[in-house]
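Step one of this worksheet: look at the structure below.
The values are calculated or read from the model by the stated rules, or taken from the named source; none is laboratory data. Being a predicted model, the structure only gives us computed values, none of them experimental. A quick note on method: Cβ atoms are made from the backbone with ideal geometry, for glycine too, and the neighbour counts reach across all protein chains shown. To get the accessible areas, we keep the full protein, side chains included, count just its heavy atoms, and leave off ligands, DNA and RNA. Shrake-Rupley method; radii C 1.70, N 1.55, O 1.52, S 1.80 Å.
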Amino acid sequence: MPKKMHLAWFMNFTPDEWREPFGQGGNPWDGRFYMEMAQTLERACFDYIMIEDKLMVPQTYGGSRDFALKNAMMVPKHDPAPLATAMGMVTSRLGIVATMSTMAYPPFLLARLCSTIDSLTRGRFGWNIVTSAEDLAAKNFNMDKLPLRETRYEMAEEYMEVVNKLFDSWDKDAVVLDREKGIYVDPSKVRTIDHVGKHYQVRGPLNTVPSPQHRPIYVQAGASPRGRDFAARFADSIISVASGVAEMKAFRDDIRARAAKAGRDPDEIKVLFCITPTLGETEFEAQEKYKRQMSSEYFITDTLASISAITEIDFSQFDLDKPLPEKLVTNGESGSLDKFQQWGSGKTLRELVVSGGGGLVSSVELIGTPDQVAERMGEVMEEVGGDGFLVTTPVLRVSRRYLAEVADGLVPALQKRGLARTSYAHELLRDNLREF
Ligand SMILES: Cc1cc2nc3c(=O)[nH]c(=O)nc-3n(C[C@H](O)[C@H](O)[C@H](O)COP(=O)(O)O)c2cc1C
């Protein structure tokens, strides 16, 4: 029997695929489009859906907000937490992961929100831990500039200590709900945490009941050495974008070694790699679809605007038909930048945009019929050693048609090969992640 892979989907609360012929109209603000998306993924037995987030209106590309606003590129973007709850209300097994920044939320509020959503979803909530990566976002939170990466991770480590203490400030059996004795909560099972550290001072206890998972699932995407250590120490699932199978394997091996060094069982961490499969009735049709998508002007400018926003480097200043003039660095998303710039490859900027099977988001090229792509995904997992994939779309645009291609074409082809689950074994997201 082949080893099963975990499947998750990476999206955000922005307009769906609104410009293309099969778009839905670009008006998802009542949440219904994304609630249906969650139901579709539950039908396909995905582990989780993950909602990306940023806390600014981008204005790096071309030095203004115009491109982002006109094209609905990363803006408008609504808050993932209420959407996560709405998705949880219309599903019963799918895990729901929302991105929230340690820069934006005081730890007490974040722990309270996570606990509340985990109860509302009956134990299916996850938190994508980000430290934010843009000066533009920092300016919305009493700062002029983002702290340096080292400081952000140092603060995030203390932040995790605080939220973990808050989750533990109530014993699992603190709620006794004894009507005869007139006791709702046993006071001896609830404690203050009295945390006084370098960056945070929190008394506690939390004021919510222990949620079904006690704490949410932690998801993380650190790619720098410091980020990998952080993820290996705290995450239940790590998401990454690599260039090819060898890099995927090296990343996963590295994470597992770091986890073991931190005293954790590496099998507790599920490493998922971003992919953007292109599916067709025939291989020819899939290849044509891919070419059409990659050569559209929208695709080139959207990709450049998106990489500009997360690195705060204005890619509109570079010639599309020449290689980048120098190796670029950022205090923002360095992993995504390095994956994108492929320094030393000699590729022109235009070639960088189209290479890698969908620009910056695909770890391996997957173009073909559902059977061909499923076969290749199985081979890749075998070589990498696990644990699964995070399906996504270039610049995170999604249509119902594409969802159906994956849920009703690709996933059944994986299931037929024994590579994906055909039903959920558990109710809690944590248990489904640890099932295999
Ligand atoms: C697949 C993936 C998803 C990410 N999602 C978000 C997100 O939703 N919001 C965010 O601010 N950063 C996001 N990031 C950025 C990371 O959280 C992190 O800030 C970035 O990789 C820089 O950390 P590093 O310097 O350790 O690589 C994502 C990164 C990857 C690879």
- Task: Sticking to Cα atoms, compute the Rg of the stretch 227-287 to one decimal and its Dmax as the biggest Cα-Cα distance, whole number, in Å.
- Result: 15.2, 49
- In whole percent, how big is the carbon plus sulfur part of the accessible area of the stretch 66-111, probe 1.4 Å, protein atoms only? 64
- Task: With a bin width of 20 angstrom, please list the P(r) values of the chain as percents of all Cα-Cα pairs, from the 0 bin to the one holding the largest distance.
- Result: 25, 60, 14, 1
- Query: When the helix-only estimate is applied to the chain (DSSP H runs of n ≥ 4, each -39,500 (n - 2.57), divided by the residue count), what is the mean residue ellipticity at 222 nm, nearest 500 deg cm²/dmol?
  - Reply: -11500 deg cm²/dmol
- Residues of type lysines that residue 347 reaches as a straight line, Cα spacing below 27 Å, ignoring anything fewer than 8 places off in the same chain: 249, 289, 291, 322, 327, 339
- Query: Over the stretch 369-419, with a single point scatterer placed on each C-alpha, what log10 of the ratio I(q)/I(0) does the Debye formula yield at q = 0.25, 0.26, 0.29 1/Å?
  - Reply: -1.02, -1.06, -1.15
- Roughly how many Å is it from the Cα centre of the stretch 96-137 to that of the stretch 219-284, as a whole number? 20
- Return, for the Cα atoms of the stretch 192-315, the radius of gyration and Dmax in Å, separated by a comma. 20.6, 63
- Between residue 436 and residue 383, 0.36 nm times their residue separation minus their Cα-Cα distance comes to what? 17.4 nm
- Query: Hey, what's the Cα Rg ratio for the stretch 291-436 versus the globular rule of thumb, 2.2 N^0.38 Å?
  - Reply: 1.22
- Taking Rh as the Kirkwood radius computed over C-alpha pairs, what is the Stokes-Einstein D of the stretch 127-176 at 25 °C in a medium of viscosity 0.890 mPa s, expressed in µm² per second? 190
- Message: Quick check on the chain: of the DSSP beta bridges with both residues there, what percent are antiparallel, nearest 5%?
- Response: 10
- Item | For the stretch 252-305: Kirkwood Rh in Å [reciprocal of mean 1/r, alpha carbons] | 14.5
- Query: Over what distance in Å are the Cα centres of the stretch 300-371 and the stretch 36-89 separated?
  - Reply: 21
- Message: For a quick check, take a GNM of the chain with Cα springs below 10 Å and name the residue from 187, 76, 107 with the largest mean-square fluctuation.
- Response: 187
- Task: Counting only heavy atoms of the protein chains, get the accessible area per residue of the stretch 287-354 (1.4 Å probe) and round it to a whole Å² value.
- Result: 47
- Task: Express the accessible area of the stretch 146-248 per residue in Å², computed with a 1.4 Å probe while the remaining protein chains stay in the model.
- Result: 49
- Once the convex hull of the C-alpha atoms of the stretch 104-260 is built, how many Å³ does it hold per residue, rounded to a whole number? 141
- Average silhouette area of the stretch 312-393, convex hull of alpha-carbon atoms, in square nanometres: 6.8
- Item | Dipole magnitude (debye, nearest 20) for the chain, charges at Cβ of Lys, Arg, Asp, Glu | 660
- Expected-Rg normalisation [2.2 N^0.38 Å, Cα atoms] applied to the stretch 153-230: 1.38
- Accessible surface, the stretch 1-121, averaged per residue in Å² (probe 1.4 Å): 38
- Query: Cα convex hull of the stretch 47-118: how many Å³ per residue?
  - Reply: 105
- Note on the structure: Given unit charges at Cβ for Lys, Arg (+) and Asp, Glu (-), the dipole magnitude of the stretch 1-155 about its Cα centre in debye, nearest 20, is 280
- Counting only protein heavy atoms with a 1.4 Å probe and every protein chain in place, the carbon and sulfur fraction of the accessible surface of the stretch 290-436 in whole percent equals 49
- Item | Rg and Dmax of the stretch 21-165, Cα atoms only, in Å | 16.7, 50
- Net length gained if the chain between residue 192 and residue 298 were fully extended (0.36 nm per residue, minus Cα distance): 32.8 nm
- Dipole magnitude (debye, nearest 20) for the stretch 178-258, charges at Cβ of Lys, Arg, Asp, Glu: 160
- Stretch gain in nm, segment residue 183-residue 226, where the contour uses 0.36 nm per residue and the Cα spacing is subtracted: 10.8 nm
- Message: Sort 78, 6 by heavy-atom solvent-accessible area, probe 1.4 angstrom, most to least.
- Response: 78, 6
